Amino acid sequence: MRHYRIAAIPADGIGPEVIDAGLEVLDVLASRAGFSLTVDRYDWGSDYYRKHGVMMPADGLAQLKSADAIYFGAVGDKDIPDHITLWGLRLPICQGFDQYANLRPTRILPGVTSPLRDVGVGDLDWLIIRENSEGEYAGVGGRAHRGLPEEVATEVAIFTRVGVERIMRCAFDCARARPRKHLTVVTKSNAQRFGMVFWDEIAALVAQDYPDVTWDKELVDAMTLRMVCKPRSLDTIVATNLHADILSDLAAALAGSLGVAPTGNVDPQRRYPSMFEPIHGSAFDIAGQGIANPVASFWTASMMLEHLGERAAATALMDAVERVCAAGVMTRDIGGSATTAEVTQAVVAALAGVNAIG
Ligand code: NAD
Ligand code: MN
């Protein structure tokens, strides 16, 4: 039997609620589709930090390395600064495992209402590819003259030829695999003359290897406008670490809610395990109430299955999720009144109704 080892890191806030929901659904899928999963659960995160002074142990990456994939909840705590939680757990995994491609599919699911007028299922169907290893989040910078009037802080964006070229290749590959074969390269080369001009130049070079893919370029500020006013003009999108971070929250909102948006932090070369997580954070405003939307976590699980090569199970899961949404079994953030558990049970029931998977 095909077997996979999943490292689950539910972490903080609603993270454990949505990861538990996802694991429940994955368990049903595995038995239906004929593969088995071992789930190793790690208690790293903010509670771990309160006990041990670190978000994860020093040998954390070594513990994860042999997993086939990592299934991650969310980090963030009211009482611990965000840069400590983020740089203590999520970013060390992304950067340590060189998960340089952050894939963020966005589309409007049936039954979900977009805040955009006259935009429904099929009108907004994007794949955002975020550079995930360098750029504005390279972690290069520092502070001097701390606490003094002349204090200074720098945050340096790093663009390397290797880093930009590999994300462009990944983006053109993704665009090529989608029906429209269209890529939009997001930039800011009017104002940022070095890193962003370099980014554009490499995009143009890589494009030469993809004559079957049409592509265009958009400045990031104009991109926000285009996403809102002309969603149908976009398909695959590539942007820097910071730009894509911002644009993908906008994308999630335009598709209905942050609560449905998934992401994969992927090492396309498969040297290291890739990490799959909902885009949303720990949402402490709703944590513990049992009302978190598990759809992002399910969609994330579907991406993970696809990455593992379990395409039939991945498709079956998204089909089930779409049927449940279309039937109106939804949490509050997308206009329903169901709880996390009710949506999860509805997806389990929808999967049980499928004749065969795979
Ligand atoms: P958030 O994503 O946690 O929440 C934003 C809003 O969306 C909140 O109103 C929340 O209730 C709602 N929301 C999010 N996910 C939802 C879901 N599944 N179902 C229903 N509603 C949902 O972002 P925030 O409030 O800016 O940040 C909270 C904490 O999470 C911070 O500490 C932040 O640093 C952290 N964070 C972590 C990640 C991550 O782990 N990848 C991502 C973003 C934010
Ligand atoms: Mn973000």
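The values are calculated or read from the model by the stated rules, or taken from the named source; none is laboratory data. The model shown is predicted, which means the values in this text are computed figures rather than measured ones. Here the Cβ is made from the backbone with ideal geometry for all residues, glycine too, and neighbour counts use every protein chain on show. Ligands, DNA and RNA are excluded from the accessible area calculation, which covers all protein heavy atoms including side chains. Shrake-Rupley method; radii C 1.70, N 1.55, O 1.52, S 1.80 Å.
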Among strands (runs of 3 or more DSSP E) entirely inside the range 63-172, those with 2 or more residues being closer than 22 Å to ALA252 by Cβ are 69-74, 101-107, 125-131, 135-144
Condition (residue is crowded, with 18+ Cβ neighbours inside 10 Å, under 21 Å from the mean Cα position of the chain (by Cα) and not hydrophobic (A, V, I, L, M, F, W, C)) applied to the range 24-41: is it met by at least one residue? no
Within the range 267-289, can you find the residues that are open to solvent by less than 30 Å² (accessible area, probe 1.4 Å) and more than 11 Å from ligand 1 (Cβ to nearest atom)? ASP267, PRO273, SER274, PHE276
Out of the residues in the range 332-358 that are part of a loop (DSSP other than H, G, I, E, B) and not aliphatic (A, V, I, L, M), which is surrounded by the fewest Cβ atoms within 10 Å (Cβ to Cβ)? ASN355
Please give the number of the condition VAL164 fails out of (1) open to solvent by less than 20 Å² (accessible area, probe 1.4 Å); (2) in contact with a Leu (Cβ under 6 Å, 6 or more places away or on another chain). (2)
What strands (runs of 3 or more DSSP E) completely inside the range 183-290 contain at least 3 residues that are within 22 Å of the chain's Cα centre (by Cα)? 236-239, 262-266, 274-278
